[in-house]
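Scroll down for the structure; my scribbles are underneath it.
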Amino acid sequence: MGLYERNHPDVMMFKLERNLPDMGLLRVADTVINWGRSSSLWPMTFGIACCAIEMMAVGASKFDMDRFGAGAFRATPRQADLMIVAGTVNAKMAEVVKRLYDQMPEPKYVMAMGACTVGGGPYWKHGYNVVKGIDKFVPVDVHVPGCPPRPEAILEGIRFLQRKIMARRVLTRGEHHTPDFTGVSVSPGTTGIQDPQLNTAPAVPTEATS
């Protein structure tokens with residue numbers, strides 16, 4: 001059966017996605033689907049630089065990402081739904097990151113891990129070959145700053161991403177819900193987990209005019 005045939009399951013799911021009325025039973029179905037997606041994140045085995053050492057540590061027994069359902073690292077992008085971009089990304093590597101992202105099936109999520117991946121890190125000014133933020137090439141769902149961030153910060157980023165997934169609509173029409181970040185250290189400053197979709201820049205005070 002061809003991929004684009006009318007009765008193919010992928011085509012049927014595409015027609016149903018966010019196209020049904022906002023009713024009680026369908027809201028429960030959204031919750032169940034999102035719970036399954038958030039509780040079975042499969043990261044891709046993919047490390048670029050020194051931040052990858054911390055990513056390896058968080059998958060080991062001391063921190064144990066399996067407690068959050070995110071410990072099944074996959075060796076191919078076609079079996080992964082979470083890309084943790086861990087390390088300095090230069091201009092050549094950015095093309096590879098984009099290619100790997102395109103090979104991942106939907107739904108897929110991206111975590112920018114470390115200062116270099118978030119905004120260039122110590123290379124933001126003079127590192128002409130370093131990408132000043134991987135979000136210029138792939139959409140980022142959560143930023144985990146640090147140089148490098150500790151394994152606990154990665155776990156907080158996983159929890160943050162899980163809350164965002166739980167707030168999404170899958171079958172019902174309408175805007176996505178506001179995520180509940182209770183218990184997750186979301187910070188608008190330079191430390192803590194950051195949501196790239198929120199404008200967290202501090203307000204600039206204006207001088208009073210006489």
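The values are calculated or read from the model by the stated rules, or taken from the named source; none is laboratory data. The model shown is predicted, which means the values in this text are computed figures rather than measured ones. No Cβ is skipped: glycine too gets one built from the backbone with ideal geometry, and neighbour counts run over all protein chains shown. Areas reflect the complete protein model, heavy atoms only, side chains present, ligands, DNA and RNA absent. Shrake-Rupley method; radii C 1.70, N 1.55, O 1.52, S 1.80 Å.
Structure data summary
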{"quantity": "Per-region count, segment 126-163, residues within 18 Å of Ile48 (Cβ to Cβ), of a type in the set (S, T, N, Q) and not in a loop (DSSP other than H, G, I, E, B)", "calculated": "0"}
{"quantity": "Sole residue being assigned to a strand (DSSP E or B) and either open to solvent by 40 Å² or more (accessible area, probe 1.4 Å) or touching a strand residue (DSSP E or B) at 6+ places or on another chain (Cβ under 9 Å) (or both), chosen from Ala112, Ala60, Ala52, Ala72", "calculated": "Ala112"}
{"quantity": "Any hit, segment 130-149, residues being among the hydrophobic types (A, V, I, L, M, F, W, C), open to solvent by 20 Å² or more (accessible area, probe 1.4 Å), under 17 Å from the mean Cα position of the chain (by Cα) and modelled with pLDDT of 85 or more", "calculated": "yes"}
{"quantity": "Residues being under 19 Å from Val97 (Cα atoms), touching an Asp or Glu at 6+ places or on another chain (Cβ under 9 Å) and open to solvent by 20 Å² or more (accessible area, probe 1.4 Å) - total across segment 32-49", "calculated": "1"}
{"quantity": "Residue within segment 150-158 that is open to solvent by 20 Å² or more (accessible area, probe 1.4 Å) and in contact with a Phe, Trp or Tyr (Cβ under 7 Å, 6 or more places away or on another chain) present", "calculated": "no"}
{"quantity": "Matching residues, segment 78-108, being hydroxyl-bearing (Ser, Thr, Tyr) and either at pLDDT 90 or above or assigned to a helix (DSSP H, G or I) (or both)", "calculated": "Tyr101"}
{"quantity": "Residues within segment 90-127 that are among the polar types (S, T, N, Q) and either under 16 Å from Val142 (Cβ atoms) or touching a residue at least 60 places away in the same chain (Cβ under 8 Å) (or both), tallied", "calculated": "1"}
